[in-house]
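Structure first, then comments.
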Amino acid sequence: MSDNGTLFPNILQPAAALKAYAPMSVKFWENQEKALDGLKEFAEGWFDRRHKGMHAALEAAQRIGDAETPADILQEYQNWLRREMELLAEDGKAYQQQVLRAGANLRAQAEEEQEVLRAAARASAQAGQQEMLRAAQLSAWQEAPQTGKRRTG
């Protein structure tokens, strides 16, 4: 039967590894909050633009109903269509900005995760080296003659 030194080589190593990943998980949830805030901002802007578009369409419909000539009808229709195209362009610009912000956040998160993983790998390697040293010391102690005298030199 093996002794406790080899039966449970390093019980705390998994806890140390989990602790090394903790900053990464905290950053993940902070990034989730940023993403949700960005999506909320985008959605609110989209609804504001839809309301403006709806009011512009309502006003255009009223003016078209009051128009006296086909030229007036066409003019009102063109004004409404121009405003709708402006709102659509604003939608595209807001979407592009949202995608760029999300991409920048993802890149920053990936870089931070890589650094955490490197630190965890270094910590794991150090723990492995320490464990190997303890095992070598234990083996040397077990192999040493049990005379009660210390070895020197």
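The values are calculated or read from the model by the stated rules, or taken from the named source; none is laboratory data. Computed from a prediction, not measured in an experiment: that's the story for all the values here. Cβ placement follows ideal geometry from the backbone for every residue including glycine, while neighbour counts extend to all protein chains displayed.
Counting just the residues of region 109-153 that are among the acidic types (Asp, Glu) and over 30 Å from Lys34 (Cβ atoms), which one comes out modelled with the lowest pLDDT? Please lay out each step first, then the result.
Residues of region 109-153 that are among the acidic types (Asp, Glu), as a first pass: 111-113, 115, 131, 143.
Okay, now just the ones that are also over 30 Å from Lys34 (Cβ atoms), so 131, 143.
Working: Glu131: 69, Glu143: 66.
Across region 109-153, the extreme among qualifying residues is Glu143.
Among the residues of this structure, Ala56 counts as one that is in contact with a helix residue (DSSP H, G or I) (Cβ under 8 Å, 6 or more places away or on another chain), surrounded by 15 or more Cβ atoms within 10 Å (Cβ to Cβ) and without any contact (Cβ under 8 Å) to a residue 60 or more places away in the chain. In region 100-107, the count of residues that are within 37 Å of the chain's Cα centre (by Cα) and at pLDDT 90 or above is one or more.
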